[in-house]
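**Student:** First the structure, then my questions, so here it is.
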Amino acid sequence: MTLKSLTYTSLASLDLTGADVDAILAKARELNALDGITGLLVFNGTRFLQIIEGSPPAIDDLVNRLRRDPRHSAFEIRDEREIEDRMFADWSMELVRVSTDRIDARETVSRQLPDAVPDDVHQRLVTMTENISGNIDMRS
Ligand SMILES: Cc1cc2nc3c(=O)[nH]c(=O)nc-3n(C[C@H](O)[C@H](O)[C@H](O)COP(=O)(O)O)c2cc1C
């Protein structure tokens with residue numbers, strides 16, 4: 001069966017608390033298990049980066065719910081593709097908290113990505129994590 005993988009970034013609402021993030025994760029895991037969705041959620045305290053994978057209708061449905069969710073804004077799809085095999089088969093949704101320091105964030109995500117993630121996707125996720133974590137240094 002062909003699966004869809006979708007990656008987006010968004011901005012956490014200013015009044016989002018730690019308890020809110022815990023609640024998002026708990027609900028995500030519960031619903032994703034029912035919907036056959038797996039994936040990864042990266043949070044740096046300000047921005048989210050999420051990759052979700054599942055059947056195309058299940059992903060489209062989740063995207064509609066995510067777009068309406070007031071706990072984040074600036075929802076922007078960064079990548080959308082068909083995949084043959086899941087990259088995050090064991091994760092109904094795994095939260096990786098990263099610091100706003102780009103190098104730290106990069107290392108944290110790189111360490112935690114499952115082996116099933118192909119090199120090009122690994123590289124893309126690491127770079128995107130770096131880019132949501134702090135400003136790109138224009139001097140270099
Ligand atoms: C950053 C973020 C990530 C989320 N991830 C998921 C997810 O992976 N799966 C999910 O079902 N809901 C997720 N949610 C919650 C959905 O936006 C939505 O509240 C939930 O699916 C219930 O939908 P409903 O409120 O329309 O009933 C996430 C919300 C946020 C803010």
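**Student:** Could you grab me the full set of residues in segment 76-104 that are among the aliphatic types (A, V, I, L, M) and near the ligand (Cβ under 9 Å from one of its atoms)? Please lay out each step first, then the result.
**Tutor:** Keep residues of segment 76-104 that are among the aliphatic types (A, V, I, L, M), which gives 77, 83, 87, 89, 93, 95-96, 98, 103.
Once the filter is applied, which keeps residues that are among the aliphatic types (A, V, I, L, M) and near the ligand (Cβ under 9 Å from one of its atoms), segment 76-104 yields only MET93.
**Student:** Here is a follow-up. Test THR17 against the criterion of being closer than 24 Å to ASP104 by Cβ and open to solvent by 30 Å² or more (accessible area, probe 1.4 Å), and give yes or no. Lay out the reasoning, then the answer.
**Tutor:** On the way: closer than 24 Å to ASP104 by Cβ: yes; open to solvent by 30 Å² or more (accessible area, probe 1.4 Å): yes.
In short, yes.
**Student:** Please enumerate the residues belonging to segment 85-112 that are free of Cβ contacts under 8 Å to residues at least 24 places away in the same chain and open to solvent by less than 70 Å² (accessible area, probe 1.4 Å).
**Tutor:** Across segment 85-112, the qualifying residues are THR108, SER110.
**Student:** For residues that are within 8 Å of the ligand (Cβ to nearest atom) and among the acidic types (Asp, Glu), tally how many sit in segment 54-75.
**Tutor:** Adding up the residues that qualify gives 1.
**Student:** OK, next. Only residues that are touching a helix residue (DSSP H, G or I) at 6+ places or on another chain (Cβ under 6 Å), open to solvent by 10 Å² or more (accessible area, probe 1.4 Å) and farther than 14 Å from LEU95 by Cβ: list them for segment 37-70, please.
**Tutor:** Across segment 37-70, the qualifying residue is only ALA58.
**Student:** Return only the number of the condition from (1) within 10 Å of the ligand (Cβ to nearest atom); (2) in contact (Cβ under 8 Å) with a residue 60 or more places away in the chain; (3) of a type in the set (Gly, Ala, Ser) that ALA33 does not satisfy.
**Tutor:** So the condition that ALA33 fails would be (2).
**Student:** If you don't mind, another one. Quick check on my filter: what residues within segment 1-12 are open to solvent by less than 30 Å² (accessible area, probe 1.4 Å) and within 16 Å of VAL42 (Cα to Cα)? Give the steps one after another, and end with the answer.
**Tutor:** Keep residues of segment 1-12 that are open to solvent by less than 30 Å² (accessible area, probe 1.4 Å), which gives 3, 5-10, 12.
Once the filter is applied, which keeps residues that are open to solvent by less than 30 Å² (accessible area, probe 1.4 Å) and within 16 Å of VAL42 (Cα to Cα), segment 1-12 yields SER5, LEU6, THR7, TYR8, THR9, SER10, ALA12.
**Student:** Does segment 97-132 hold any residues that are part of a helix (DSSP H, G or I), among the basic types (Lys, Arg) and closer than 21 Å to LEU25 by Cβ, and which are they? Steps first, answer last, please.
**Tutor:** First, the residues of segment 97-132 that are part of a helix (DSSP H, G or I): 102-112, 119-132.
Still in the list and also among the basic types (Lys, Arg): 102, 106, 111, 124.
Selection gives ARG111 alone.
**Student:** Pick from segment 39-53 the residues that are of a type in the set (S, T, N, Q) and closer than 19 Å to ARG111 by Cβ: which of them is farthest from the ligand (Cβ to nearest atom)?
**Tutor:** If we filter segment 39-53 for residues that are of a type in the set (S, T, N, Q), which is where we start, we get 44, 46, 50.
From the residues that got through so far, the ones that are closer than 19 Å to ARG111 by Cβ too are 44, 50.
Working: ASN44: 12, GLN50: 6 Å.
Step by step, filter segment 39-53, then rank; the result is ASN44.
**Student:** Here's another thing I want to ask about it. Does segment 93-113 contain at least one residue that is at pLDDT 95 or above and more than 20 Å from ILE132 (Cα to Cα)?
**Tutor:** The answer is no; no qualifying residue exists.
**Student:** Step by step: first the residues of segment 113-131, then only those that are over 16 Å from ALA89 (Cβ atoms) and among the acidic types (Asp, Glu), then the one that is least open to solvent (accessible area, probe 1.4 Å). Which residue is that?
**Tutor:** GLU130
**Student:** Residue by residue through segment 52-87, note down the ones that are basic (Lys, Arg), closer than 14 Å to LYS4 by Cβ and in contact with an Asp or Glu (Cβ under 8 Å, 6 or more places away or on another chain).
**Tutor:** Within segment 52-87, just ARG86 meets the criteria.
The values are calculated or read from the model by the stated rules, or taken from the named source; none is laboratory data. Computed from a predicted model, the values in this text were never measured in an experiment. No Cβ is skipped: glycine too gets one built from the backbone with ideal geometry, and neighbour counts run over all protein chains shown. To get the accessible areas, we keep the full protein, side chains included, count just its heavy atoms, and leave off ligands, DNA and RNA. Shrake-Rupley method; radii C 1.70, N 1.55, O 1.52, S 1.80 Å.
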